[in-house]
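Accompanying notes for the structure given below.
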Amino acid sequence: MKFFRTIGGRLGLAYAGFSLATLALLVAYFYVRLGRASDYQADRFLDDEYSEMEHMLLEGGDDLDAELVLVARFHREVQLFVVVRDMAGTVLQHTENVQAGDFPLSEAARALPAGASIRREDGFVGPVPVRMRIRHLVLPDGTSRLLQVAISRSGSLNARERYLAQAGAAAVPFLALALVGGYVVARRAIRPIDSIAAAAARIQGTNLSERIPLRGSGDELDQLAAVLNRTFEQLEESFRRIRDFSGSASHQLRTPLTVIRGEAELLLKEGIDDRYAARVATIVDEAARLARIVEQLLFLARVDAEKVDVGTESVDLAGIVAQGLRRLEPCVATKKLRVEERREAEPRVRGSEALLATAVQNLLDNAARFSPDDGRILIRYGRRGDRVTLEIEDDGEGIRPEHRGQVMERFFRVDVRKGDGAGLGLAVANEIALLHHGTLSVEDPREGLGAHLRLELPGA
C-alpha cells in the first residue's frame, strides 16, 4: 500500500506495533495477576473447608453424611466436592454432587503414607476442572482414610477467558487509534522535512539562488537545511562558472570557425588539386557542424542568463517546416526518405519565428539523422483546445521509455557511437518551447517503431 511507503505511514505502523506490544504485555501481566489472585482465593477457601472436613472426620461424628449434604448445597455456587475413601480407593462417603466414578484418585494419592498429604493437585470431577487437597488420615480407631476435598476452578477459568475476550475486543479500536495517532504524530514530526523537500524541489538550474528557509530551532532539521543550502551555494557557483565558460568559449570559437569555413570554401571555389578537394570539403562540413554547436551553446548561455527575447508575431509552423525540409533535401535524397504531411488544423502560433525555426529544424534534423534508408518522416499539424501541436515521427530505432526523461537534457546521447550530434538539439528545442510557454514531449509512436516528438505551443 502506498500509505505504508511513506515515512509517516511507517512511523505510524511502528508506533501502533509498539503500542500493541505494550498492550499485550499489560494484558499478559494482569492475566497472570488475575490468575494468581483467583488461585490464592481458591486455595484459602479450599484450606478452610479441608480443615473443617478433616476435623469432622477425625471427630467421627455420626452426622458426617448429613454435613456433607449441607456442604454440597451450601457451596453450590462454588461447587465444593468432598469424598472419603478407604485405602483401597473405595468411596465411603461423598457430597451429593459427586458420582463415585467422577472423582479421580491418582497413583500418588494411593501411595500416600499415614499423615502425608498432597496440598495442591489439579484435575477434573467429571467435566468440571477442580483443585483438590488429599490427605491420608488415621482415625482414632486406627483405620486409615483418604480425604479428598476439591473446589471447582470453572469460575476462575471463565473469568480469565472473559478477560482475554474483552482485552481482544478492546485491542481492535486501540490498534486503530494507535495507528491514527502514530501517523498524526509522525506527520507533525516530519512536516519540516516535507517543507525542506518542497523547497529543494523548487531549486533548479535556473534558480539556484533560492535557499531553504531555516526555522531557527537549531535542531537536526535546521542543520540538514543548512547543509543543503551550502550545497546549493556550491552548485550555483559551479553553474555560474560553467555558464561563463560556455559563453566565453563559444564567443571565442565563433570567429575562428567562421574564418576556417570561409577560407576552405574559398579554396573550393578557386579550384584546387582533386587530391585535396575532398579533404577541404570535409573541413567545410566539420566547421559548419562546429559552428552549429557553438550557436547552440551561445543560445543556451543566453537562456541561462535570461537574455532571450521572445516576440509575439504570428508564425506559420507549416512555412517553417517547409524551410526546414528544403535544408534537408540533400539528406532526404541520399537516404531516399519519404516525407508525409498531414494537416488537421491551421498551424499558426505566436512567438519568435527565428527561434521556432531553430526548434523545428532541430526536430527535423533528428528525424532525418536516425531514420533508416528508404524510411519515412511523418509530420502532423493538429490542435488541442487553444494550443497548436506539431508532431514529427520517424522510422528509426525510437527512444526507449527509460531514456525519455533524459533526451531533453543537455549533451545527453543515447548511444555516442551513433550519429554526429552533440546532444544539444533536443535540449535547445525544449528550451525554445518553454520560452514560448509550450512543451516538447516524447510520445509513444502511433505508426511504426521510431521516435515520436510532439511540440505544443499556444495558438495565434
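The values are calculated or read from the model by the stated rules, or taken from the named source; none is laboratory data. Nothing here was measured: the structure is a model prediction, and the numbers come from that model. Every residue, glycine among them, receives a Cβ derived from its backbone with ideal geometry; neighbour counts consider all protein chains shown.
Worth pointing out:
- Some residue of region 391-407 being in contact with a helix residue (DSSP H, G or I) (Cβ under 6 Å, 6 or more places away or on another chain), surrounded by 14 or more Cβ atoms within 10 Å (Cβ to Cβ) and modelled with pLDDT under 85: yes
- Filtered by the rule that a residue be among the acidic types (Asp, Glu) and part of a loop (DSSP other than H, G, I, E, B), region 280-329 gives 306, 309.
- Residues in region 330-379 that are touching a residue at least 60 places away in the same chain (Cβ under 8 Å) and acidic (Asp, Glu): 365 alone.
- Entirely in region 79-192, the strands (runs of 3 or more DSSP E) that have 2 or more residues that are in contact (Cβ under 8 Å) with a residue 12 or more places away in the chain and under 25 Å from residue 37 (Cα atoms): 80-85, 117-125, 128-138, 144-152
- Subset of region 84-123 (residues that are within 12 Å of residue 151 (Cα to Cα) and modelled with pLDDT of 85 or more): none
- Matching option when the condition is in contact with a helix residue (DSSP H, G or I) (Cβ under 7 Å, 6 or more places away or on another chain), in contact (Cβ under 8 Å) with a residue 60 or more places away in the chain and β-branched (Val, Ile, Thr), among 280, 308, 284: 308
- Hey, residue 177 in contact with a strand residue (DSSP E or B) (Cβ under 7 Å, 6 or more places away or on another chain) and either within 30 Å of residue 17 (Cα to Cα) or modelled with pLDDT of 85 or more (or both) or not: no
- Verdict on residue 452 being modelled with pLDDT of 75 or more, more than 20 Å from residue 319 (Cβ to Cβ) and surrounded by fewer than 14 Cβ atoms within 10 Å (Cβ to Cβ): no
- Residue match in region 344-356 (condition: in a helix (DSSP H, G or I), of a type in the set (A, V, I, L, M, F, W, C), surrounded by 13 or more Cβ atoms within 10 Å (Cβ to Cβ) and at pLDDT below 80): no
- A residue that is at pLDDT below 85, of a type outside the set (A, V, I, L, M) and surrounded by 21 or more Cβ atoms within 10 Å (Cβ to Cβ) can be found somewhere in region 418-428.
- Test: residue in region 380-396 that is assigned to a loop (DSSP other than H, G, I, E, B) and under 20 Å from residue 294 (Cβ atoms): no
- Evaluated against (1) touching a His at 6+ places or on another chain (Cβ under 8 Å); (2) assigned to a helix (DSSP H, G or I); (3) of a type in the set (D, E, K, R), residue 369 falls short on exactly one condition, (1).
- Annotation: residue 114 fulfils all but one of (1) in contact with a Phe, Trp or Tyr (Cβ under 9 Å, 6 or more places away or on another chain); (2) small (Gly, Ala, Ser); (3) more than 22 Å from residue 42 (Cβ to Cβ); the unmet one is (1).
- As a summary of the residue check, residue 39 satisfies the conditions (1) in contact (Cβ under 8 Å) with a residue 24 or more places away in the chain; (2) out of contact with any strand residue (DSSP E or B) (no Cβ under 9 Å at 6 or more places or on another chain); (3) not hydrophobic (A, V, I, L, M, F, W, C) except for the one numbered (2).
- Test for residue 255: is it surrounded by fewer than 13 Cβ atoms within 10 Å (Cβ to Cβ) and either modelled with pLDDT of 75 or more or in contact with a Phe, Trp or Tyr (Cβ under 7 Å, 6 or more places away or on another chain) (or both): no
- Residues of region 310-347 satisfying the condition of being small (Gly, Ala, Ser) and under 14 Å from residue 359 (Cα atoms): 318, 319, 322, 324
- The single condition from (1) under 27 Å from residue 30 (Cβ atoms); (2) surrounded by fewer than 18 Cβ atoms within 10 Å (Cβ to Cβ) that residue 110 fails is (1).
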